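No lab work stands behind these numbers, since they all come straight from the coordinates. These numbers come from a predicted model, not from an experiment. Cβ placement follows ideal geometry from the backbone for every residue including glycine, while neighbour counts extend to all protein chains displayed.
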Ligand SMILES: Cc1ncc(COP(=O)(O)O)c(C=O)c1O
């Protein structure tokens, strides 16, 4: 049975006050997640420090992330951010040999590209796959870049700038043919669509809890395929990355035999409360149902925008699109401000305003956004090149 989206919407109080289309930046806060933050404070007042409970919460988040993306808990590190997970992974890779190439796309979020470029002094060579004339990057565009020298293909699932979704299966196939590994940055997709790391056959995946996972900033995850875990020894380490956290051994680094070796210090305790509540809620809704709902809303939004002759730069094909609809403007930052003044929360990247949808949005949100865009078109419409 399909979830009752109208009832779910009422669990997000900000939606009574705002047309909230900013989940690609930060999700709306659910009552249950607010209650989880309150529970943390209550525990602090009641017990003081409850480490047993806090470690259990961290493990609960690990298991919920694993369930969400089709992995085993031992394949999941709980990190402070995507950046923390990628830095830890990078520290375990060796670029001193002939397989020193890292292939990334021009759709990457800055932190991912920057971290891979930061490996250049260690011998890495970073090659970018550019977007085509239509603004998209098909799998075939990676064919030339991925070769026998490629160690890692590090790609975003959905581009944060324009909402375009890469053909992960096609790119993985090219990587496999050359013996390269694949890292998926799924921050802009996880929670907004079905995502099964085993079906996609990626080796690594990183994401975080503040967008479509309904949680908070300050907590993320890194998936590492089980068969690779023990061959990778991060030099980026810490006491929560050790085999026995309680050993307090200062004589050696003994990494955990599972993906916890990619963690570092004290877990993000308060964020675990919120992340757990958000993940539980999302798993109850189901990522297939969320994906279907979001697809309906983005398709409606793109149709309405075409009607007002202010077309989006987001791919119209369902399988090439995530939860964001990006619309080019000659003054995107001002457009975001004008929309905000009308109670519509969006964000801008480059020359685009981004409207990002989650299952808690509805048709009225789409229509409110497009009606405001129609009003603002004369003043802030598309730049001459795309008109
Ligand atoms: C695709 C993608 N990767 C990474 C990040 C940021 O990661 P971090 O958790 O390191 O801030 C974002 C944030 O917007 C993102 O959209």
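The packing ranking, built from the mean of other Cβ atoms within 10 Å per residue, places the peptides 43-50, 79-86, 364-371 in the order 79-86, 364-371, 43-50, highest first. Cβ crowding within 10 Å, taken as a proxy for footprinting-reagent exposure, orders 248, 1, 193, 281 from fewest neighbours to most as 1, 248, 281, 193.
Taking a ≥ b ≥ c as the square roots of the eigenvalues of the alpha-carbon gyration tensor, region 1-117 is classed oblate because a/c is 1.5 or more while a/b is no larger than b/c. Among 310, 51, sorting on how many other beta-carbon atoms sit within 10 Å of each Cβ, with the fewest leading, yields 51, 310. Were the residues from residue 227 through residue 96 laid out at 0.36 nm apart, the gain over their Cα-Cα distance would be 44.9 nm. Take every pair of alpha-carbon atoms less than 8 Å apart whose residues are at least six positions apart; their mean separation over the length of region 209-270 yields a relative contact order of 34 percent.
The relative contact order of region 98-180, computed from alpha carbon pairs under 8 Å that lie at least 6 residues apart in sequence, is 37 percent.
Take the Cα of residue 117, step 7 Å toward its Cβ, do the same at residue 140, and the gap between the two points is 3.0 nm. Each peptide among 129-139, 222-232, 20-30, 288-298 gets the average number of other Cβ atoms lying within 10 Å of its residues, and from highest to lowest they stand as 20-30, 288-298, 222-232, 129-139. Secondary structure note: in region 135-292, about 45% of the DSSP beta bridges are antiparallel.
The calculated 222 nm mean residue ellipticity attributable to helices in the chain amounts to -11500 deg cm²/dmol, summing -39500 (n - 2.57) over DSSP H runs of n ≥ 4 and dividing by all residues. Peptides 261-274, 107-120, ordered by how many other C-beta atoms sit within 10 Å of their residues on average, highest first, read 261-274, 107-120. Cα centroids of region 324-373 and region 41-85: 33 Å apart. Relative contact order of region 295-381: 32 percent, from C-alpha pairs under 8 Å at least 6 residues apart in sequence.
Full extension of the chain between residue 350 and residue 51 gives 103.3 nm of extra length, using 0.36 nm per residue less the Cα-Cα distance.
If both residues of a DSSP beta bridge must be in the chain, then about 50% of such bridges are antiparallel. Here the gap between residue 340 and residue 109, fully extended at 0.36 nm per residue and compared with their Cα-Cα distance, gives a gain of 80.7 nm. With both residues required to sit in region 163-236, DSSP beta bridges show an antiparallel share near 55%. Computed from label points 7 Å out along Cα-Cβ, the spacing between residue 74 and residue 253 is 2.3 nm. Principal axis extents of the C-alpha atoms in region 343-382 (largest first, rounded to whole Å): 30, 22, 15. Among 300, 260, a tally of other beta-carbon atoms within 10 Å of each Cβ gives an order, fewest to most, of 300, 260.
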